[in-house]
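Enquirer: Here you go, one structure.
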Amino acid sequence: MDLRKISDNVWEIPKQGDMRVPAVIYSSARLLDDIRRDMTLTQARNVACLPGIERMSYVMPDAHQGYGFPIGGVAAFDLDSGIISPGGVGYDINCGVRLLKTDYTETDLAGKRKELLAEIFKEVPAGVGKGGVTKLSRGVLKEILVKGAEWAVENGYGRKEDLERTEEYGRMKDAAADAVSDRAMERGLPQLGTLGSGNHFLEIQKVHEIYDEPAARAFGIRAAGQVLVMIHCGSRGFGHQVATDYIELMENAYGVKGLPDRELVHAPFKSSQGQQYYRSMCAAVNYAFANRQMIAHWVRDVFARVLGSSKGMDQVYDVCHNVAKVETHEAGGRSRKLVVHRKGATRSFGPGRPEIPECYRSVGQPVIIPGSMGTASFILAGTQEAEGLSFSSTAHGAGRVMSRHEATRRFRGERIRDDLARKGIELKSTNWKGVAEEASEAYKDVDEVVRVSHEVGLGRLVAKVVPIGVMKG
Amino acid sequence: MEKYKILPHTADGKFEAYGATLEEAFGNAALALASLMWDWSKVEPRVRHFVHVRGIDREQLLVKFLGETIYLFETKQFLLGKVDGLRIRPEFEGFSLEALLGGDTLSERYGLFGDVKAVTYHELKIEECGGFTVQVVVDM
């Protein structure tokens, strides 16, 4: 494939064949070695062929191959001539990250860390096939699908201020429950308020280093040693079923002939299938917001019980990294509404964007990039340059480089636990094989991912955080 | 003949399943999928679920059939242990499939070690060469 180097961290696949626009890859030479090894570039080129695509098909520094769209793929489409594709969002709709700050330091936790983690482990349901503690009726679930985190706050999970510190204020307003299948409802009912498994985790972290004092201060991050809590999970079986249902519906309506990859199936955004998917996807986004809202509430409860108070445990932000949203961006020389697909990519709105809350409007939104289990994570701030570079998007994590199969062959979960313990990181899990699958060696170097993001201007580095307690599903 | 083989895949689960007939290959694919989450060979057949799915082509039929295993696990805590009486019939537009899934309800006696979220079309292949081989990638 014709891949041109534009600069140290920017590469381009020029328009060729059926491509309507070029593809741009933000990556260092080192990360590109991994990216070239799988189907990421072919997938980025396939995305560039979709109807109504604007500007470019973008690839973030942590990209790896996905289904249809690459993971770490960003593409925006015209509302009238463009499409929406479940493959551009992914199966885990609104998989995302929530970050809470605390007024505690690592020293305040000394001696209590084990108990804290054990209590969180008891309180937050996690693991394969693990149901939630909340018995829901269909009527209540429908309300949750429409109201998202707002429902959770109204029902005693968390604080009103959490909402403004959540993307979309915790509620996608276009959500509707009427086009959601019975199957999705059935899978959603038992799983609300659960962490799940796979790459999902909950970490107690401490601030390791601050790179940008003013932005850190705005985010409530004050000094090295400050304790934070990070929650990484999504819409569980509900979102997976919505994706599955609409791939089938779009196949049946539009056929699969001519698609370079069946996972790229799509519908015109304004068609009835396109709108039904969009509204159901928004419902899944809301499910995930409510899910993280409940988990955050339980975590605060545990802190209050074990350490005496959860005062100061303000939410820094909650970001979704698998989503399609209607946003205003520059394209074709003017400001227009587009449907932006971010699949394994985080929104990175810079200073001044009206969508971000007042408290962050002068520094840009917090961008939360989790590392792999037991490694560093990063907090970035959105930039104005990202608008022109990537429709205001950046990376979402480390990105896998090794198969789960290979990881379980090479690593043992119990061994990883002991190694982390030697580094002062407590680990609790329901499943040691799952821990082996998530070994940090199976992931890209997150430090390199955020360095590229910072250097290119997709997101500005604010702070590095490291885990002190890890809970795996 | 072996029923299936788990293959390496960067992010997710991938397998090939084999059969002298398309039906047998589909049935073995369901066992391969189950093997990513629990040990199906140790599941006692105490419960049965009848499944009936339709697909516009064989690929969609397979994706939907395998989706039944995930759906029954998540909503009824059903662990698949065997597939009986699997029949595939051509229809006016596409195919239909019927099968009787045998297994048990999740309890202390069984261990779970993985979570399959969805069945994908990524690198999905249905090949006939003597017998049938199907290849499937699942999202984990």
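Read the figures in this text as sums done on the coordinates, not as results from a lab. As the structure is a computational prediction, the values presented were derived from the model and not from experiment. Here Cβ is always computed from backbone atoms with ideal geometry, including for glycine, and neighbour counts include all displayed protein chains.
Enquirer: Compute the length gained on full extension between B:E91 and B:H49: take 0.36 nm times their separation in residues and subtract their Cα-Cα distance, giving the result in nm to one decimal.
Expert: Between B:E91 and B:H49, full extension yields an extra 12.8 nm.
Enquirer: Over all residues in A:190-200, what is the mean tally of Cβ atoms on other chains that come within 10 Å of each residue's Cβ?
Expert: Per residue, the number of nearby Cβ atoms from other chains is 2 on average.
Enquirer: Still on this structure: Only Lys, Arg, Asp and Glu count, each charged at its Cβ (+1, +1, -1, -1), so figure out the dipole size of chain A about its Cα centre, rounded to 20 debye.
Expert: Taking the Cα centre of chain A as origin, the dipole is about 620 debye.
Enquirer: Also, quick follow-up: Any idea what the dipole of region B:4-139 comes to, in debye rounded to 20, about its Cα centre with Lys/Arg Cβ at +1 and Asp/Glu Cβ at -1?
Expert: 300
Enquirer: Follow-up question, since we're still on this one. Between B:F113, B:F92, B:F78, find the one with the highest GNM mean-square fluctuation for chain B; connect C-alpha pairs within less than 10 Å.
Expert: Per the Cα network of chain B with a 10 Å cutoff, B:F92 tops the list.
Enquirer: By how many degrees, between 0 and 90 and to the nearest 10, does the Cα long axis of helix A:413-422 differ from the longest principal axis of chain A?
Expert: 60
Enquirer: Which ³J(HN,Hα) values, rounded to whole Hz and listed in residue order, are derived for region A:433-446 from phi using the Karplus coefficients 6.51, -1.76 and 1.60 in 6.51 cos²θ - 1.76 cosθ + 1.60 with θ = phi - 60°, glycine and proline given as x?
Expert: 5, x, 5, 4, 4, 9, 3, 5, 5, 7, 10, 5, 6, 5
Enquirer: Specify whether the C-alpha gyration tensor of region B:8-63 places it in the rounded, prolate or oblate class, a ≥ b ≥ c being the square roots of the eigenvalues: rounded for a/c under 1.5, otherwise prolate if a/b is larger than b/c and oblate if not.
Expert: Note, shape of region B:8-63 comes out oblate.
Enquirer: Right, here's the next one. How large is ³J(HN,Hα) for each residue in region A:90-96, as worked out from phi by the Karplus curve 6.51 cos²θ - 1.76 cosθ + 1.60 (θ = phi - 60°), to whole Hz, x for Gly and Pro?
Expert: Computed from phi, the couplings for region A:90-96 are x, 6, 8, 4, 6, 4, x Hz.
Enquirer: For region B:4-139, compute the orientation-averaged projected area of the C-alpha convex hull (one quarter of its surface), in nm².
Expert: Answer in nm², one decimal: 7.8.
Enquirer: Taking the Cα centroid of region A:271-316 and of region A:415-473, what is the distance between the two, rounded to the nearest whole Å?
Expert: If you average the Cα positions of each part, the centres end up 22 Å apart.
Enquirer: Take the alpha carbon gyration tensor of region A:1-151, find the square roots of its eigenvalues, order them as a ≥ b ≥ c, and report rounded if a/c is under 1.5; if not, report prolate when a/b exceeds b/c, else oblate.
Expert: Oblate shape, in that a/c is at least 1.5 and b/c is the bigger or equal ratio.
Enquirer: So how far, in whole Å, is the C-alpha centre of region A:4-30 from the one of region A:214-260?
Expert: 25
Enquirer: Considering Cα pairs under 8 angstrom that are at least six residues apart, work out the relative contact order of chain B and quote it in whole percent.
Expert: Averaging sequence separation for qualifying contacts and normalising by length gives 31 percent for chain B.
Enquirer: Let me ask something else. Set Lys and Arg Cβ to +1 and Asp and Glu Cβ to -1, take the dipole of chain A about its Cα centre, and tell me which of A:V340, A:A48, A:V285 lies farthest positive.
Expert: The listed residue farthest towards the positive side: A:V285.
Enquirer: Shifting gears a bit: Identify the trypsin sites (Lys or Arg not before Pro) of region A:307-358 meeting these criteria: DSSP loop state and at most 11 other C-beta atoms within 10 Å of the C-beta.
Expert: In loop regions of region A:307-358 (DSSP not H, G, I, E or B), the sparsely surrounded trypsin sites (Lys or Arg not before Pro) are A:K311.
Enquirer: Mind checking region A:407-473 for trypsin sites (Lys or Arg not before Pro) that DSSP puts in a loop (not H, G, I, E or B) and that have at most 16 other Cβ atoms within 10 Å?
Expert: A:R412, A:K423
Enquirer: In peptide B:108-117, what is the residue-averaged number of other protein chain Cβ atoms found within 10 Å of each Cβ?
Expert: 6
Enquirer: A further question follows. With θ set to phi - 60°, apply the Karplus curve 6.51 cos²θ - 1.76 cosθ + 1.60 along region A:314-329 and write out the HN-Hα couplings as whole Hz, x wherever there is a Gly or Pro.
Expert: 7, 6, 6, 5, 9, 10, 9, 10, 9, 6, 10, 9, 8, 9, 9, 9
Enquirer: Taking the 0 to 90 degree range and rounding to the nearest ten, how far is the long axis of helix A:272-307 tilted relative to the main principal axis of chain A, both from C-alpha atoms?
Expert: Orientation of helix A:272-307: about 10 degrees from the principal axis.
Enquirer: On C-alpha positions alone, give me the angle between the axis of helix B:58-76 and the longest principal axis of chain B, in degrees, nearest 10.
Expert: Taking Cα atoms only, the helix is inclined about 10 degrees.
Enquirer: Can you give the average number of partner chain beta-carbon atoms within 10 Å of each beta-carbon in peptide A:231-244, as a whole number?
Expert: 3
Enquirer: First select every other residue whose beta carbon is under 14 angstrom from the beta carbon of A:P22; then total the charges, Lys and Arg +1, Asp and Glu -1.
Expert: +2
Enquirer: Please report Rg (one decimal) and Dmax (integer) in Å for the Cα set of chain A.
Expert: Over chain A's Cα set, Rg and Dmax evaluate to 20.7, 64 Å.
Enquirer: Does region B:23-93 come out rounded, prolate or oblate, given a ≥ b ≥ c as the square roots of the eigenvalues of its C-alpha gyration tensor, rounded meaning a/c under 1.5 and, failing that, prolate meaning a/b above b/c?
Expert: prolate
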